[in-house]
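Working notes, beginning with the structure itself.
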Amino acid sequence: MKLKQRVVLLAILLVIFIFTKVFLIDNLDTSAANREDQRAFHRMMTGLRVELAPKLDHTLQSPWEIAAQWVVPREVYPEETPELGAIMHAMATKKIIKADVGYKGTQLKALLILEGGQKVVFKPKRLGKRRYSRDYVVEGEPYAGYDRHNAEVAAFHLDRILGFRRAPLVVGRFVNLRTEIKPVATEQLLSTFLTVGNNTCFYGKCYYCRETEPACADGDTMEGSVTLWLPDVWPLQKHRHPWGRTYREGKLARWEYDESYCDAVKKTSPYDSGPRLLDIIDTAVFDYLIGNADRHHYESFQDDEGASMLILLDNAKR
């Protein structure tokens, strides 16, 4: 073989060697990156795992005291929450000592007080005419349909996954309306109870609550979600969402037709400084993931001058 041919062959072999080396290194780097991603994922999943253990390490504190101490202006609960399982277990099992109609709103809910004086909001699973099961798909407008109790549970855990920590604690619970609720119900709530077939039902007090459309248990047992009430030392302030809908047929909100609307919002308090506008963006992502197009208002802590978080309440529209 001539010298020139040998040089060409060696050059080709060198190029092949270099490409092979680079490819192998890239593959090794990619594999190492994938392994690190998998380890990070498993660490995240381990941190998110919750076991509803009934015991607390803090024997001198109730679960309600611990949860109340967690609340600060920028989070409802901390990143590290070893007591979370015990608090959620208490929410699902503690004795109900009082039951009343829920706070103002469009959807049916009940206000319960659990043993130890903790207030929680109970949203029932709706059965019967015009109601739906867990896997039913609601058709129509994005804000159509009734609240779904399991949507509150899913939204709370999504809040944990995203690392927002802005949604109050939520857990599922079964309650016996006849033995757990009626004996401790206020007259106002008790007056909304009725029997439909063999099922105990109630319709409560709210904007859309009707005697003709009660929430019914399966017999006496009703499934629902229980949301932990935020401490009274953190009063809430309600704000109109700058990207809320008009809810009027044929009438558009300003953001739907004004291309300069975003610039106008950014010049308006509390969106002109602080984290509130970024919270609005976070919440838009959160609402998209849970299928909620009904956040016409939102809450923050009172007198915060825009410094506190946007609190993720009422996440049950889907």
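The values are calculated or read from the model by the stated rules, or taken from the named source; none is laboratory data. Predicted, not measured: the structure shown is a model, and the values here were computed from it. Here the Cβ is made from the backbone with ideal geometry for all residues, glycine too, and neighbour counts use every protein chain on show. For the accessible areas, the whole protein counts, side chains as well, though only heavy atoms, and no ligand, DNA or RNA atoms are used. Shrake-Rupley method; radii C 1.70, N 1.55, O 1.52, S 1.80 Å.
List of remarks:
- Hey, L177 at pLDDT 95 or above, farther than 24 Å from D220 by Cβ and out of contact with any Lys or Arg (no Cβ under 6 Å at 6 or more places or on another chain) or not: no
- Residues of segment 279-307 satisfying the condition of being of a type in the set (D, E, K, R) and more than 17 Å from W243 (Cα to Cα): D303, D304, E305
- When the strands (runs of 3 or more DSSP E) confined to segment 76-186 are screened for residues that are under 29 Å from H296 (Cβ atoms) and over 19 Å from the mean Cα position of the chain (by Cα), those reaching at least 3 such residues are found at 96-101.
- Filtered residues of segment 204-219 (kept if open to solvent by 40 Å² or more (accessible area, probe 1.4 Å) and farther than 20 Å from V171 by Cα): K205, Y207, Y208, R210, E211, T212, E213
- Unmet criterion (only one of (1) within 28 Å of H89 (Cα to Cα); (2) at pLDDT 95 or above; (3) not in a loop (DSSP other than H, G, I, E, B)) for E223: (2)
- Subset of segment 235-267 (residues that are in a loop (DSSP other than H, G, I, E, B) and free of Cβ contacts under 8 Å to residues at least 12 places away in the same chain): T246, R248, E249, G250, K251, L252, A253, Y257, D258, E259, S260, K267
- Every residue from segment 266-288 that is within 17 Å of R74 (Cα to Cα) and of a type in the set (D, E, K, R): R276, D279, D282
- Residues in segment 278-289 that are open to solvent by 30 Å² or more (accessible area, probe 1.4 Å) and touching a helix residue (DSSP H, G or I) at 6+ places or on another chain (Cβ under 9 Å): D282, V285, L289.
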